[in-house]
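Working notes for the structure below.
None of the figures in this text is laboratory data; all of them are computed from the coordinates on show. These numbers come from a predicted model, not from an experiment. Here Cβ is always computed from backbone atoms with ideal geometry, including for glycine, and neighbour counts include all displayed protein chains.
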């Protein structure tokens, strides 16, 4: 789990750096396609971090909840996953 946390943090930090670059590029009136390419790179990093977080959640919290006998917890976990999936598909 420590390794995926490092990878997630790296992706977030790279995305933050790209966001700063996007602001500068936009303020300086750089070519739109160049800005869009950098924007897509930032989006890709964030999507990758999202997938890693989802995988970690499913393999830990979700898995443990589904193995428990607590039906309320199971329902809560399912609702959370459905909510996150709905948000991710917008």
What ranking do 80, 27 get, fewest neighbouring Cβ atoms within 10 angstrom at the top? 27, 80
Please determine, in degrees from 0 to 90 and to the nearest 10, the orientation of helix 32-57 with respect to the longest principal axis defined by the Cα atoms of the chain, where the helix direction is its Cα long axis. 20
With everything on Cα atoms, drop me the angle between helix 71-88 and the longest principal axis of the chain, reported from 0 to 90° to the nearest 10. 20
With a cut-off of 8 Å between alpha carbons and a minimum separation of six or more residues, what is the relative contact order of the stretch 2-88 in percent? 29
For a quick size check, give me the Cα extents of the stretch 33-80 along its three principal axes, largest first, whole Å. 53, 16, 6
Acute angle (nearest 10 degrees) that the helix 2-27 long axis makes with the longest principal axis of the chain, alpha-carbon atoms: 30
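Of 61, 32, how do they rank once you tally other Cβ atoms within 10 Å and put the fewest first? Intermediate values should be presented prior to the final figure.
Working: 61 14, 32 10.
Ranked by crowding around the Cβ, least crowded first: 32, 61.
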Taking the square root of 5λ for each eigenvalue of the C-alpha gyration tensor of the chain, the equivalent ellipsoid has semi-axes, largest first and in whole angstrom, of 36, 15, 8
